[in-house]
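Colleague: My questions all concern the structure below.
The values are calculated or read from the model by the stated rules, or taken from the named source; none is laboratory data. It should be emphasised that the depicted structure is a prediction, and the values quoted were computed from it without experimental measurement. Every residue, glycine as well, gets a Cβ built from its backbone with ideal geometry; the counts of neighbours run over all protein chains shown. Surface areas here come from the heavy atoms of the whole protein model, side chains and all, with no ligands, DNA or RNA. Shrake-Rupley method; radii C 1.70, N 1.55, O 1.52, S 1.80 Å.
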Amino acid sequence: MAAPAVYGNWKMNLDHVEAIHLIQQLGVLLRRAPVEHVEVGVAPPFVDLRSVGSVIEADRLGLVLCAQHVNEHESGAHTGEVSLAMLERLGVHAVLVGHSERRRLYGMDDALVARTLARVAGAGLRAIVCVGEDLAVREAGQETAYVADQLRAALRGLSEAARANVTVAYEPLWAIGTGVVAEPAQVAAQNRSIRSTLAELGLEAPVLYGGSVSAENAAELAREGALDGFLVGGASLRAEAFHAVCRALDDWYASTR
Ligand code: PEP
C-alpha cells in the first residue's frame with residue numbers, strides 16, 4: 001500500500017509568484033527538518049503548476065506535485081477545462097477527485113466522480129477521492145452509510161490495475177475550513193466503515209482525513225483515527241504550519257516502528 005501522506009490543497013489561492021515563494025519556504029523548512037516516512041504533496045491552482053513543479057525539480061525537494069481537479073475527457077471542446085495529459089506533461093503525479101467544493105459548487109455528481117477517478121487511476125496517477133457527509137447527514141446518524149454509498153459509486157467497476165492508485169480522503173463538510181475538527185473517535189468510526197466498504201469492493205487503499213487539520217491536532221488524529229495521513233487546506237497556505245503537520249505525522253510513524 002502507498003506510504004502515509006500529507007497533501008496540501010491550496011484551492012484558489014496564490015498567484016504563481018506567491019506560489020513560488022511558498023514552495024521555496026517549504027523547501028527550506030524540509031531541508032532543515034526533513035520528513036522520512038511520509039510522502040508530502042502540494043496541489044496548487046492549475047496556473048501555478050509549472051512554476052511550483054520547476055522549483056520542486058530544481059531544488060530536488062522530493063514533493064509530489066498534485067492537481068486539484070481534472071476534466072474526465074482526453075481533449076477537445078471543453079472550454080476552460082484541463083486534461084490529464086496536460087497535467088502529466090507538467091509532472092503531476094496525483095489528482096484530487098470529487099473534492100466537496102467541486103461536488104457542491106460545480107455540480108460534480110457521483111457518476112462524474114467515478115469517470116474522472118477511473119481516468120486518473122487508470123493512467124497510473126494517484127487519485128485522491130474525496131468523500132464526506134454534511135452536517136444534516138451526520139445529525140441524522142447516516143454518516144457511515146452516506147460515505148459508503150459515495151465510495152461504492154466512485155469505485156465500483158474500477159479496473160484491477162487502477163485500484164492500487166486510489167487514496168481515500170474522508171472530509172466531513174462541517175469540518176472543512178470551519179476550524180471545527182472531527183473528534184478522533186468520529187474519525188476512527190468512519191475510518192473503520194470506509195475500510196470495510198473498501199474491502200467489500202476489493203480494495204485496500206490509504207485513508208486520509210481532511211478538515212481543519214493543524215500541527216496541534218495532527219498526531220492525535222493520526223493515532224486515534226488510525227489514519228494514513230491528511231489532506232490539508234487552510235494550514236497548507238502557511239509553510240510553517242504545513243511543515244509542522246507533516247512533521248507531526250512523520251514523528252508519529254517513526255514512533256510506531
Ligand atoms: C480541504 O479543503 O480539503 C480542507 C481539508 O480544508 P481545511 O484544512 O481548511 O479544513
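Colleague: What number of residues in region 195-218 are within 16 Å of the ligand (Cβ to nearest atom) and not acidic (D, E)?
Modeller: 12
Colleague: Could you tell me whether A219 is free of Cβ contacts under 8 Å to residues at least 60 places away in the same chain and open to solvent by 20 Å² or more (accessible area, probe 1.4 Å)?
Modeller: yes
Colleague: Could you look through region 12-31, keep only residues that are within 20 Å of the chain's Cα centre (by Cα) and surrounded by fewer than 18 Cβ atoms within 10 Å (Cβ to Cβ), and pick out the one that is farthest from A215 (Cα to Cα)?
Modeller: Only one residue fits best here, namely M12.
Colleague: To continue, here is another question. So which of G124, G80 is modelled with pLDDT of 95 or more, open to solvent by 20 Å² or more (accessible area, probe 1.4 Å), part of a loop (DSSP other than H, G, I, E, B) and closer than 18 Å to L203 by Cα?
Modeller: G124
Colleague: What's the number of the only condition in (1) out of contact with any helix residue (DSSP H, G or I) (no Cβ under 6 Å at 6 or more places or on another chain); (2) over 16 Å from S100 (Cβ atoms) that A175 fails to meet?
Modeller: The failed condition is (2).
Colleague: For region 176-187, which positions are near the ligand (Cβ under 10 Å from one of its atoms) and more than 15 Å from the chain's Cα centre (by Cα)?
Modeller: If we filter region 176-187 for residues that are near the ligand (Cβ under 10 Å from one of its atoms), which is where we start, we get 176-181.
Scanning region 176-187 gives T178, G179, V180, V181.
Colleague: May I pose another question? Give just the number: which of (1) assigned to a helix (DSSP H, G or I); (2) farther than 21 Å from M12 by Cα does G141 not satisfy?
Modeller: Condition not satisfied by G141: (1).
Colleague: Under the condition of being more than 13 Å from E18 (Cα to Cα) and in contact with a helix residue (DSSP H, G or I) (Cβ under 7 Å, 6 or more places away or on another chain), which residue from region 32-51 is surrounded by the most Cβ atoms within 10 Å (Cβ to Cβ)?
Modeller: V42
Colleague: Between a first residue in region 160-185 that is acidic (D, E) and a second residue that is within 10 Å of the ligand (Cβ to nearest atom), which pairs have beta carbons less than 8 Å apart while being 6 or more apart in sequence or on different chains?
Modeller: Pairs that qualify, where the first residue is acidic (D, E) and the partner is within 10 Å of the ligand (Cβ to nearest atom), are E171/H99; E171/S100; E171/C130; E171/G132; E171/Y209; E171/G210; E171/G211; E171/L231.
Colleague: Any residue at all in region 160-170 that is closer than 20 Å to A235 by Cβ and aliphatic (A, V, I, L, M)?
Modeller: Yes, the conditions are met somewhere in region 160-170.
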